[in-house]
Amino acid sequence: MSEEDTYLRAKLTEINSAIDRLTQMLNRMIEVISKITEVQDATSDLAIIANANSEKLDDIMSMVQGIKSAPATSSSSGLAQKGAISSHQAVLDTLETQIREGVIASDLSQKLSEAAGMLESRGASGQIVVKMQRWTRILKTYGRVDSISPTDLGKLRDDLKEWSRELAKAR
């Protein structure tokens with residue numbers, strides 16, 4: 001082989017490797033462009049869905065406006081009272097989950113006081129609030145880290161059931 005042949009082979013090898021690099025770069029560019037088109041398609045789909053949701057929200061808002069502008073009947077006040085009683089019952093249910101064996105009296109006293117305050121602010125029966133405050137005072141007679149005696153715990157649970165029944169009667 002002559003020098004010219006060697007030179008031509010080297011140049012052809014160099015051109016071949018450059019073509020391979022260009023092919024790889026073109027393949028990457030094609031991948032990027034396909035991803036961009038996928039993202040654009042997804043974005044346009046999301047825009048269509050968002051517009052549909054916006055129309056649904058507008059419909060719902062107009063229905064709500066229609067409901068608000070309708071005259072209130074006496075049944076709505078009855079519903080409001082039942083809703084208030086349900087929220088009172090929810091406060092008692094939450095309190096019931098906190099009454100358990102080994103509970104610290106000062107902690108439960110604090111929870112009872114908070115629950116009584118919530119019920120009082122929500123317009124609950126005065127009798128229930130007074131009874132809850134009575135239990136708060138009883139629990140404050142315990143030491144700061146003493147647990148409640150099983151007897152008192154049983155009595156408190158019984159009173160809690162009675163308070164729930166009183167709320168149910170108010171319905």
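Quick check on the range 107-117: of everything there that is farther than 10 Å from Gln133 by Cα and buried (at least 16 other Cβ atoms within 10 Å of the Cβ), which residue is modelled with the lowest pLDDT?
Per the criteria, the residue is Leu108.
Might you let me know whether the range 142-157 holds any residue that is modelled with pLDDT under 85, aliphatic (A, V, I, L, M), surrounded by 12 or more Cβ atoms within 10 Å (Cβ to Cβ) and more than 22 Å from Ser87 (Cα to Cα)?
yes
Which one of the conditions (1) closer than 25 Å to Ser87 by Cα; (2) surrounded by fewer than 16 Cβ atoms within 10 Å (Cβ to Cβ); (3) small (Gly, Ala, Ser); (4) modelled with pLDDT under 85 does Ser125 fail to meet, given that it meets all the rest?
So the condition that Ser125 fails would be (2).
The values are calculated or read from the model by the stated rules, or taken from the named source; none is laboratory data. Just so it is clear, the model here is predicted, and its values are computed rather than measured. We place every Cβ from the backbone using ideal geometry, glycine too, and count neighbours over all the protein chains shown.
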